[in-house]
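*Asks:* First the structure, then my questions, so here it is.
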Amino acid sequence: MAAEQYFIVLHNNEWKISFKEKHYGPYATQAEAIEASIDAAHAMGEIGIDAQVLVEEANHQVRTEWAYGQSFSTFR
């Protein structure tokens with residue numbers, strides 16, 4: 001499977017999803033951006049494309065928030 005990555009970033013003081021070098025949003029909160037990206041990543045996984053959601057922290061460290069195969073309902 002090919003891996004797709006959705007990054008949650010604070011861009012120009014707005015929460016956005018960065019995917020394939022494009023920004024989507026803005027979202028009112030980081031949590032809303034995470035939920036939207038998990039929805040998209042889950043849909044990718046359902047068609048056989050491995051996907052994950054990563055969050056860029058203030059110090060530019062990146063952490064994995066969710067990856068296809070994890071429970072989808074824990075974020076609802």
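*Asks:* On average, how much accessible surface per residue is there in the chain, in Å², for a 1.4 Å probe, leaving out ligands, DNA and RNA?
*Replies:* It amounts to 63 Å² per residue over the chain.
*Asks:* If you don't mind, another one. On the principal axes of its Cα set, how long, how wide and how thick is the chain? Give whole Å, largest value first.
*Replies:* On the principal axes, the chain reaches 34, 26, 21 Å in Cα extent.
*Asks:* Please list the non-local residues whose amide H lies under 5 Å from the amide H of Leu54, H modeled 1.01 Å from N, same-chain partners needing a gap of 5 or more.
*Replies:* Tyr6, Phe7, Ile8, Glu65
*Asks:* What is the antiparallel percent of DSSP beta bridges lying wholly in the chain, to the nearest 5?
*Replies:* Bridges in the chain that DSSP calls antiparallel: roughly 65 percent.
*Asks:* When the accessible area of the chain is computed with all protein chains present and a 1.4 Å probe, what percentage of it is carbon and sulfur?
*Replies:* It is 49 percent, rounded to a whole number.
*Asks:* By how many degrees, 0 to 90 and rounded to 10, does the Cα axis of helix 30-46 deviate from the longest principal axis of the chain?
*Replies:* The angle comes out near 20 degrees.
The values are calculated or read from the model by the stated rules, or taken from the named source; none is laboratory data. All of these numbers come straight from a predicted model, not from anything done at the bench. Note: areas computed on protein heavy atoms with side chains; ligands, DNA, RNA excluded. Shrake-Rupley method; radii C 1.70, N 1.55, O 1.52, S 1.80 Å.
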